[in-house]
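Report on the following structure.
The values are calculated or read from the model by the stated rules, or taken from the named source; none is laboratory data. Since this is a predicted model, take the numbers as computed values, not measurements. Because the Cβ atoms are built from the backbone with ideal geometry, glycine has one as well, and the counts that use them run over all protein chains shown. With ligands, DNA and RNA removed, areas are computed over all heavy atoms of the protein, side chains included. Shrake-Rupley method; radii C 1.70, N 1.55, O 1.52, S 1.80 Å.
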Amino acid sequence: MGDAEAADALERTVLELEAMAAIFGSDFADDSEGDGEEFVVTTPDALKSAQSAIDCGDVCEVPRIEVEVLVRSASDGIDGRSRLRIELPPGYPSLQSAEVTVLSTEKNLPRRLFDALSCKLQLRAKELVGAEAILEIITECRDAMESWTVEEAAPNNKNDIEDEIAAQKTLPLASKLADAGYGSITSQTQAD
């Protein structure tokens, strides 16, 4: 990636984050009332570095910027919440896709829905290479949650409970393997 491409990608990233700030609140802060959505830049130093690189015209060291988003949805009696981490690597959005991790969803959400949401958002992010993706990912998450019915979202059968138990047993091992350098985990355990 040449300097001009890197500068363009970095400027587009910063402009997208500024637009998200306008949508979610100018200070990137969370909603103190607890009834809205949250958008927080979790790497503010990287954002400042990106802004400085654009201002100085020196884009040799392009930072990786991360944000966390709390997405809320209410439909058919389900008050859905999902917390996402969206990573914006160097070259995003021009040459690289955003990387999405579902950090948590509603309590007792069946593992199959958690995994399906994670997979759906990762695929959507990859489809959006070349375009600003944060708002699209949030919309995709909200749409997926709104499509869940009360019956689907309830861990109401033996297979859901067995899947959850199996997932809880394998995540600590997977985390240890990832820490040892044998790969990474793309979706983390449900919390919240």
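Data table
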| quantity | calculated |
| --- | --- |
| Members of the stretch 70-97 that are farther than 30 Å from D3 by Cα, modelled with pLDDT of 85 or more, open to solvent by less than 20 Å² (accessible area, probe 1.4 Å) and not hydroxyl-bearing (S, T, Y) | L70, V71, L84 |
| Counted residues, the stretch 137-150 - those being under 15 Å from V100 (Cβ atoms) and buried (at least 16 other Cβ atoms within 10 Å of the Cβ) | 7 |
| Tally of residues being of a type in the set (G, A, S), over 17 Å from S147 (Cα atoms) and open to solvent by 20 Å² or more (accessible area, probe 1.4 Å) across the stretch 101-136 | 2 |
| Near pairs, Cβ below 6 angstrom, 6+ apart or cross-chain, from the stretch 19-42 (at pLDDT below 55) to any residue that is surrounded by 13 or more Cβ atoms within 10 Å (Cβ to Cβ) and β-branched (V, I, T) | F28/V40; F28/V41 |
